[in-house]
Amino acid sequence: MNNPSYGLSKLGLELIMIVLGLLFLFPLYITVINGFKTYNEIMGSAWALPETFSFANYITVWNQINIPGVFMNSLIITVASVVFILLISSAAAYQLVRRPGIVSNVIFLGILSSLVIPFQTLMIPLVKIAKELGLIDSLYGLIFIYCGFGVPLALFLYHGFIKAIPRELEEAAHIDGSGVFGVFFRILLPLMKPITSTIAILHTLWIWNDFLLPLIMLTSAKNKTIPLASSIYFGEYNNEYGLAMAALTFAIIPMVIFFLLMQKYIIQGITAGAVKG
């Protein structure tokens with residue numbers, strides 16, 4: 001026999017989720033729709049539909065800030081940084097977990113302590129050191145710095161996940177003749193797929209949308225990322241809201257598609273973390 005109160009509770013919860021979903025989608029709607037409007041239309045009503053859907057703003061932005069070029073810069077920086085972060089942090093976490101002791105604990109806590117240091121306090125020393133090392137205005141230099149800032153959180157998440165993986169699996173692989181690298185790449189990495197996907201998604205969203213670090217590291221137009229290139233439409237004397245919204249749409253769409261494709265892995269990562277406790 002169905003419980004009426006349960007049905008009402010479920011309906012109420014679904015309505016709340018729908019309302020929250022619309023609230024989160026509203027800024028995206030405002031951004032995309034205003035990219036089709038003229039300045040006067042935006043000033044008249046920011047949330048109304050445009051009188052005519054004109055792609056003039058998108059075409060202007062595409063040509064003005066070289067969307068293919070800045071997109072490729074963002075893609076190279078994001079993909080390379082995330083790959084290195086995943087490899088370095090997973091391997092480091094594996095060794096720290098499987099070699100317990102004072103030294104491992106000190107290294108682990110030392111790396112984690114960097115998470116509590118505000119980035120603003122590191123900006124000036126970072127720029128000075130990067131300049132001495134020749135990393136200024138270099139995509140590879142920026143990738144190197146992103147690895148330094150991204151490894152601590154990834155290491156922390158991997159560390160907790162690996163502790164829940166039974167050692168017996170590794171011992172069985174060693175008996176079969178696998179070495180350390182074989183155990184890590186053939187046994188552990190497939191088992192860490194849920195947490196790896198979650199870390200990859202979090203760091204991809206962070207690096208792709210980051211503005212401050214590219215701002216202080218990249219100086220030439222050819223090396224600009226999408227957020228950095230889009231900033232030309234935001235200023236004290238700039239009122240090009242239509243162009244700004246079009247530029248933001250170009251920056252947002254790749255991440256929306258990426259998130260939609262990867263959302264099932266987020267759920268898997270959360271579920272795996274809850275089960276492994």
Subject >> Listing of helices (runs of 4 or more DSSP H) fully contained in the stretch 16-129 that carry 2 or more residues being open to solvent by less than 80 Å² (accessible area, probe 1.4 Å) and small (Gly, Ala, Ser) >> reply: 67-98, 102-113
Original post:
Do we have any residue at all in the stretch 207-220 that's among the small types (Gly, Ala, Ser) and at pLDDT 85 or above?
Top reply: yes
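Results for (1) of a type in the set (Phe, Trp, Tyr); (2) free of Cβ contacts under 8 Å to residues at least 12 places away in the same chain; (3) within 28 Å of Tyr265 (Cβ to Cβ), shown as yes or no for each residue.
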residue	(1), (2), (3)
Thr198	no, no, yes
Asp210	no, no, yes
Met217	no, no, no
Asn223	no, no, no
Tyr241	yes, no, no
Phe250	yes, no, yes
Original post:
How many of the residues making up the stretch 169-192 are in a helix (DSSP H, G or I), touching a helix residue (DSSP H, G or I) at 6+ places or on another chain (Cβ under 8 Å) and either open to solvent by 30 Å² or more (accessible area, probe 1.4 Å) or within 14 Å of Tyr265 (Cβ to Cβ) (or both)?
Top reply: 6
Subject >> Selection from the stretch 98-111 of residues that are in contact with a helix residue (DSSP H, G or I) (Cβ under 7 Å, 6 or more places away or on another chain) and either at pLDDT 85 or above or acidic (Asp, Glu) (or both) >> reply: Ile107, Phe108, Ile111
Original post:
From the set of residues in the stretch 197-227 that are open to solvent by less than 20 Å² (accessible area, probe 1.4 Å) and out of contact with any Ser or Thr (no Cβ under 9 Å at 6 or more places or on another chain), which is farthest from Asn40 (Cα to Cα)?
Top reply: Ser197
**OP:** Run Phe149 past the list (1) loosely packed, with under 14 Cβ neighbours inside 10 Å; (2) within 25 Å of the chain's Cα centre (by Cα) and report the number of the one that doesn't hold.
**Re:** (1)
Original post:
Taking Gly134, is it over 28 Å from Thr198 (Cβ atoms) and within 21 Å of the chain's Cα centre (by Cα)?
Top reply: no
Original post:
Checking Phe161 against (1) among the aromatic types (Phe, Trp, Tyr); (2) open to solvent by less than 20 Å² (accessible area, probe 1.4 Å); (3) under 17 Å from Ile107 (Cα atoms), which single condition isn't satisfied?
Top reply: (3)
Subject >> The lone exception for Ala221 - which of (1) more than 30 Å from Leu155 (Cβ to Cβ); (2) more than 24 Å from the chain's Cα centre (by Cα) it fails >> reply: (2)
Original post:
Right, Phe181: farther than 23 Å from Asn73 by Cβ and among the hydrophobic types (A, V, I, L, M, F, W, C) or not?
Top reply: yes
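The values are calculated or read from the model by the stated rules, or taken from the named source; none is laboratory data. Every value quoted in this text rests on a predicted model; they were computed, and no experiment measured them. Every residue, glycine among them, receives a Cβ derived from its backbone with ideal geometry; neighbour counts consider all protein chains shown. SASA here: full protein model, heavy atoms, side chains in, ligands and nucleic acids out. Shrake-Rupley method; radii C 1.70, N 1.55, O 1.52, S 1.80 Å.
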